[in-house]
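Enquirer: Next up is a structure, given as structure tokens.
The values are calculated or read from the model by the stated rules, or taken from the named source; none is laboratory data. Predicted model, so just to flag it, every value in this text is computed and none were measured. Please note: Cβ atoms are built from the backbone with ideal geometry, for glycine as well, and neighbour counts cover all protein chains shown. Areas reflect the complete protein model, heavy atoms only, side chains present, ligands, DNA and RNA absent. Shrake-Rupley method; radii C 1.70, N 1.55, O 1.52, S 1.80 Å.
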Amino acid sequence: MEKIKRPLNEDETEKQELSLPQKKYYRQRAHSNPIADHDFDYPSCPEAYDWSTLYPDITNEKSNIYNKRVEMLDIGCGYGGLLVTLSPMFMDSMILGMEIRVKVSQYVIERIKALRANQPNCYDNIACIRTNAIKYLPNFFKKGQIKKMFFLYPDPHFKKSKHKWRIINDTTLSEYAYVLAEEALVYTVTDVKDLHEWMVKHFSEHGLFKRVEDDDLKGDPVVDKLYESSEEGKKVTRNNGDKFLAVFMRIKDPDL
Amino acid sequence: MTFCMTVNETTVVLSSIDVDKCLVYSLDSGNVKNLTDNLGEAYKNIPINNHDLQKACAAFSADGTLFAYNPNKGKLLSVWNTTNWTLVENKTLAKHATNIVFTPKTNVIVVGDKKGDVYAFEELPIRILGHSSMILDICISDNEKYIVTCDNDEKVRVSHYPNGKNIVYYMMGHEAYVSGICLLNNFVLSGSGDNTLRLWDFNKGDLLDKLSLHTPIQSVIEIENMAAIQLYDSRDVHIIKTEKKENKWTIKNIKTIQFENNVLDLAVYGNQLWILTVNSVYKYTIDASNEIVLRIQDAEMTHKLETLSNLVKSFVCLEKTNLMIFLFNKMIDKRKRIEQYQQNSSTPVLRETKRLRT
Ligand SMILES: C[S@@+](CC[C@H](N)C(=O)[O-])C[C@H]1O[C@@H](n2cnc3c(N)ncnc32)[C@H](O)[C@@H]1O
């Protein structure tokens with residue numbers, strides 16, 4: 001890329017920001033080991049994070065998200081399709097994508113930047129950070145802060161020895177339950193039956209979650225969007241793959 | 001820590017995981033017994049494990065009747081009856097133990113491991129909770145309703161007990177591994193590789209105070225509602241207490257004791273504070289209300305401490321299997337990486353979003 005020394009004139013800025021980033025420049029190996037300790041770009045506690053770097057509008061009194069905090073999380077957001085879909089549906093909520101792959105998260109960051117530039121006053125409520133969601137949720141969020149959480153097409157890690165890498169497991173579920181408010185919803189979709197069953201089993205056995213029956217999902221505008229908003233969802237459609245949905249509610253500890 | 005010391009009313013136990021010895025010294029009779037020699041035939045022929053990172057851990061039950069420790073060989077939890085020092089049982093662990101405690105009232109053994117899991121050894125082992133990195137310390141509240149754990153990822157966590165899947169609080173803020181925690185009334189005290197001690201409100205999860213001791217903290221142990229603090233690679237032991245100052249709870253360092261040699265471990269029984277250094281054992285008593293820390297050195301005790309010191313001298317320390325050295329080095333590495341990263345990345349990852357005029 002050519003380095004531009006002088007400040008851009010208006011036309012050039014416009015051109016630069018209007019062009020959406022191209023996915024092909026942001027590809028990265030599909031699986032990075034989420035347990036390896038190679039990252040350090042996280043706050044030591046939620047209070048230490050300056051959210052206005054991601055959502056400049058939270059300091060803007062006229063904005064819908066003035067003084068708010070993140071309420072929805074797309075874990076492993078990939079190229080960010082779901083964020084972009086949710087943004088206009090929940091104008092008053094701050095939505096965050098968390099993605100572990102550096103290049104993929106950079107793509108999403110550039111994408112949101114371009115969208116904001118294209119359509120002022122839109123997409124101010126979405127952002128993406130590069131982080132390991134398995135390790136750092138309590139660094140970013142306080143207890144009970146999150147109202148909706150999404151796991152769309154999480155990596156299946158087929159081999160039994162790699163199951164511990166699955167983003168839904170006994171250990172991570174407790175952490176998700178911690179950042180989720182009571183009655184908050186967790187949406188999961190996958191094209192892998194075995195992973196679907198694994199997720200249903202783990203959520204059901206955990207104790208702080210209850211499956212939301214399909215009938216009760218009918219009025220939820222989010223559900224329809226889950227299948228195809230994201231890039232992985234589109235891919236599965238192209239390949240005529242199955243799509244398994246399961247939604248869970250964070251409940252009070254029944255034993256307390 | 002490749003060494004550890006544990007004390008009850010009549011016994012001092014010194015264990016070294018590197019030389020695979022667990023020496024029980026009777027303060028009454030002066031007799032010494034090596035538990036590791038009596039683990040059973042099955043363990044005799046296993047060579048000493050000098051490749052895995054290990055941490056010597058041991059604990060007496062609150063009533064003193066049971067003792068549990070992790071021998072060098074195999075992933076074992078060895079449980080002993082202390083009235084006659086006979087083996088109760090050897091249990092197999094999923095991973096190497098990094099911590100052993102007993103529940104204060106019900107005598108259940110709770111073990112934290114290198115993977116980050118915590119198991120309670122009822123009839124069968126039950127997984128109480130899991131962290132995403134190694135467990136470094138465990139405390140259980142006196143009413144057995146809560147369990148506090150800390151890990152290699154800078155986290156302190158309070159969970160319900162026995163349902164540890166329900167997290168009450170994460171206490172976030174440490175900037176390196178959290179090596180020790182203890183409960184002081186309504187507070188959690190934590191110590192970390194980041195040099196700080198932090199005091200947290202147990203009921204609200206908030207940070208109340210923070211005190212830097214200028215050296216990474218290696219362990220924190222409660223004694224008479226105060227705490228004794230061991231530092232990494234250091235000859236000092238700090239005694240601290242909590243104090244209300246201008247309506248705020250603070251940590252106050254009331255005394256620093258300096259020893260001739262590096263401190264290896266601390267043990268507490270009642271108001272007694274025992275200190276293990278590279279070549280000696282010391283005993284102090286603490287009078288908390290008057291803030292008096294008294295060294296015990298009458299002729300009789302001096303003789304016993306000398307015997308204990310001679311036992312310690314037979315121990316060796318393998319650096320490469322020492323978990324605390326490993327954690328320390330890893331922390332230093334990470335700091336270097338961060339520094340490098342900050343120097344190299346002139347363009348921050350997140351650039352300001354520029355707006356177009358409409
Ligand atoms: C199969 S992709 C699905 C992406 C997106 N949700 C979609 O539907 O298009 C799974 C994504 O999760 C990310 N991921 C895996 N483990 C992660 C972790 N521990 N923290 C954050 N992201 C993770 C991967 O990098 C990958 O982009």
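Enquirer: Pull up the cross-link candidates among the lysines for residue B:244, meaning alpha carbon to alpha carbon under 25 Å and not fewer than 8 places away within one chain.
Expert: In chain and number order, the partners are B:204, B:210, B:252, B:255.
Enquirer: Could you work out the helix-only [θ] at 222 nm for chain A, with each DSSP H run of four or more residues adding -39,500 (n - 2.57) and the total divided by the number of residues, to the nearest 500 deg cm²/dmol?
Expert: Theoretical 222 nm ellipticity from helices: -9500 deg cm²/dmol.
Enquirer: On a straight-distance basis, which aspartates and glutamates could pair with residue A:159 in a cross-link, Cα separation under 14 angstrom, same-chain partners fewer than 8 positions away excluded?
Expert: Cα-Cα hits under 14 Å: A:194.
Enquirer: If you add up the charges near residue B:64, with Lys and Arg at +1 and Asp and Glu at -1, over every other residue whose beta carbon is less than 15 angstrom from its beta carbon, what do you get?
Expert: Counting the neighbours of residue B:64, the net charge comes to -2.
Enquirer: Right, another one. Send over a whole-number figure in Å² for the accessible area per residue of chain B, probe 1.4 Å.
Expert: Accessible area per residue, chain B: 44 Å².
Enquirer: Put a dot 7 Å past each Cα toward the Cβ at residue A:60 and residue B:28; how far apart are the dots in nm?
Expert: It works out to 7.8 nm between the two label points.
Enquirer: How high is the relative contact order of chain B, in percent, counting Cα pairs under 8 Å that sit 6 or more residues apart?
Expert: For chain B, the relative contact order is 11 percent.
Enquirer: If each Cα of the protein assembly as shown is one equal point scatterer, what is log10 of I(q)/I(0) from the Debye formula at q = 0.05, 0.09, 0.10, 0.11 Å⁻¹?
Expert: Once normalised to I(0) and log-transformed, intensities are -0.26, -0.78, -0.93, -1.07.
Enquirer: With every protein chain kept in place and ligands, DNA and RNA left out, what is the accessible area per residue of the stretch A:46-250? Probe 1.4 Å, answer in Å².
Expert: 41 Å²
Enquirer: Also, quick follow-up: Indicate the gyration tensor shape class of the stretch B:3-345 (rounded, prolate or oblate), computed on the Cα atoms with a ≥ b ≥ c the square roots of the eigenvalues: a/c under 1.5 is rounded; otherwise a/b larger than b/c is prolate and the rest oblate.
Expert: The shape class here is rounded.
Enquirer: Apply the a/c threshold of 1.5 to the C-alpha gyration tensor of the stretch B:175-216 and tell me whether it is rounded, prolate or oblate.
Expert: prolate
Enquirer: Ignoring ligands, DNA and RNA, what percent of the accessible area of chain A is carbon or sulfur (1.4 Å)?
Expert: Of the solvent-accessible surface of chain A, carbon and sulfur hold 48 percent.
Enquirer: Using 23 Å as the Cα-Cα cut-off, could you pick out the over-long pairs in A:135/A:243; A:162/B:73; A:147/B:145; A:148/B:165; A:148/A:201; B:165/B:330?
Expert: Beyond 23 Å between Cα atoms: A:135/A:243; A:162/B:73; A:147/B:145; B:165/B:330.
Enquirer: Starting from 0.36 nm per residue, how many nanometres of slack lie between residue A:214 and residue A:200 once their C-alpha separation is accounted for?
Expert: So the chain would gain 3.7 nm between residue A:214 and residue A:200.
Enquirer: Which one, A:199, A:89, A:72, has the greatest fluctuation when you compute a Gaussian network model over chain A with C-alpha springs under 10 angstrom?
Expert: Comparing A:199, A:89, A:72 in a Gaussian network model of chain A, the most mobile one is A:89.
Enquirer: Starting from the Cα of residue A:183, step 7 Å along the direction of its Cβ; do the same at residue B:247; then give the gap between the two resulting points in nm.
Expert: Distance between the two pseudo-spin positions: 3.5 nm.
Enquirer: I need the P(r) histogram for the stretch A:46-250: all alpha carbon pairs, bin width 10 Å from 0 out to the longest distance, whole percents.
Expert: Final binned percentages: 8, 36, 39, 15, 2, 0.
Enquirer: Determine the total buried accessible area between chain A and chain B, counting protein heavy atoms only with a 1.4 Å probe; round to the nearest 100 Å².
Expert: It comes to approximately 3500 Å² buried between A and B.
Enquirer: Determine the residues within the stretch B:171-216 where the difference in accessible area between the chain on its own and the full set of protein chains amounts to at least 50 Å²; count protein heavy atoms only and use a 1.4 Å probe.
Expert: Listed by number, the residues meeting the 50 Å² cut-off are B:172.
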